[in-house]
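The values are calculated or read from the model by the stated rules, or taken from the named source; none is laboratory data. Remember, it's a predicted structure, so these values are computed and weren't measured experimentally. Please note: Cβ atoms are built from the backbone with ideal geometry, for glycine as well, and neighbour counts cover all protein chains shown.
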Amino acid sequence: MTGGVAHDFNNVLQTISGNLHLLRLEAKGNEKTEKRVTAALSAVERGAQLAARLLAFGQRQALRPAATDLNALLSSSQQALRHAAGEHTTLDISVSPQLSAVQVDGVQLERMLVQLLDNARQALGGAGTIRITATPCADDGGTPPRPATLPPGHYAVIEVSDTGAGMAPEVVRQVFDPFFTTRPGGPGTGLGLSMVHGFVGQSGGAIELDSAPGQGTRVRLYLPCTPEAVAAPMRNPAVNKHTMDLAIHHPAKQDTSSERPLILVVEDDASVRETVLALVRHLGYAALEAENPDEALTLLQQGARPQLLFSDVLMPGRLTSAELAEQAQAMLPDLKVLFTSGFTANALPGGNALASGVALLEKPYGQDDLARRLRGILGPGQTQEEDNQGHQANNKRTGNGRPPVM
């Protein structure tokens, strides 16, 4: 149920976000309107964060687990972690040199650690110490022992501890419950620890929390180790948090003709589809539309030749989005594919743990997120003015005055 709610909610947010971005373009120079649009987009972002937390709690995130060096991850994340800990807090980070790589989505793990540090900072209520340690988990009854809920194997344990006031037993019993919070009337949704709990469980690990009044709090994340080699890091801090920034497409060579790259947009929600088409065209690309995978396949069989298939994941019809992509690429081997969704429901190759080679732009996304991904796959689009200039030049060469497919 969590996934279905998140899917519908993110579609609503996508329609709002897309139209706000289009309104911002039309209102350029109108300071009052631009200010209101910015405020509304901020609210969309908060709604998207809430939906993402719900998916994490329900263990329904679209994750990309890979062999991850915890030492490298914690080193590269220090700025974000220290910011989350607060300027008046002492943050100590220690990683065992004997630690193996873990199989986890490194980007999401960093976000979970930031969440834990934010909780610890709130518990300190001012100055204090937060410690992060990463050590091998003893599978022979040592310290810390493997939780009984985990199957035998090699695990790493990340412990986040603070010197705060601690929690009473009745509070500890509820800390992983969704929407439970100890901050009455204050910030927070009560989804922080439940989100971390869901992420760790979806990653094949476990989470434990120990706390007592006057003794601070310790949270331990147990994550499965892997013998796989660690891939070179591909971190891009400028990428929006809802964008899976996957380097799986090489940008197409720039077409020297006047025709703009053609994108086939497949989306069953009419309001979302209309908004996406407007954004795509504004970014300088030509666009075709289809309401579902069956209709999209028919367009391809009738001769449509897009350079990119931009498809929602969950749609009605005989074909799934993954089957559409497979058949479309069989017809057009050079066709690039970009999926988009607010919830994938295991409908993509690899399920919620996305397989290598699957590109996903998570809803709701903004104009900049979309532009970044399209440029990375197709190269830059053309503005209408640039397109008209290109047609004039092309017409002089060929005598062909036909416009590109729109």
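Observations on the model:
Okay, residues lined up against (1) surrounded by fewer than 15 Cβ atoms within 10 Å (Cβ to Cβ); (2) touching a residue at least 12 places away in the same chain (Cβ under 8 Å):
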| position | (1), (2) |
| --- | --- |
| Gln79 | yes, no |
| Gln98 | yes, yes |
| Arg111 | no, yes |
| Gln115 | no, yes |
| Ala120 | no, yes |
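- Checked against the criterion of being modelled with pLDDT under 90, buried (at least 20 other Cβ atoms within 10 Å of the Cβ) and assigned by TED's automatic domain parsing to the domain that holds Leu277, the candidates Thr383, Thr344 yield just one match: Thr344.
- Positions within segment 122-135 being touching a Lys or Arg at 6+ places or on another chain (Cβ under 8 Å) and buried (at least 19 other Cβ atoms within 10 Å of the Cβ), in sequence order: Ile130
- So Thr298, is it of a type outside the set (A, V, I, L, M) and at pLDDT 95 or above: yes
- Matching entry among Asn394, Asn388 (being crowded, with 16+ Cβ neighbours inside 10 Å, at pLDDT below 55 and in a helix (DSSP H, G or I)): Asn394
- Pick from segment 71-105, criterion charged (D, E, K, R) and either outside any helix (DSSP H, G or I) or more than 28 Å from Ala127 (Cα to Cα) (or both), ranking: nearest to the chain's Cα centre (by Cα): Asp105
- Residue within segment 240-249 that is buried (at least 17 other Cβ atoms within 10 Å of the Cβ), touching a helix residue (DSSP H, G or I) at 6+ places or on another chain (Cβ under 6 Å) and modelled with pLDDT of 75 or more present: no
- Leading residue by the ranking (surrounded by the most Cβ atoms within 10 Å (Cβ to Cβ)) among those in segment 265-285 that are in contact with a strand residue (DSSP E or B) (Cβ under 7 Å, 6 or more places away or on another chain) and closer than 19 Å to Leu319 by Cα: Val266
- Unique match (being at pLDDT 90 or above, of a type outside the set (Val, Ile, Thr) and in a loop (DSSP other than H, G, I, E, B)) among Ala252, Ala304, Ala328: Ala304
- Here Arg318 passes the criteria (1) among the charged types (D, E, K, R); (2) at pLDDT 90 or above; (3) within 19 Å of Leu262 (Cβ to Cβ) except the one numbered (3).
Residues checked against (1) outside the structural domain of Thr129 (by TED's automatic domain parsing); (2) modelled with pLDDT under 90:
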site	(1), (2)
Leu13	yes, yes
Gly18	yes, yes
Leu23	yes, no
Leu41	yes, yes
Ala72	no, no
Glu87	no, yes
Pro97	no, yes
Ala101	no, no
Val114	no, no
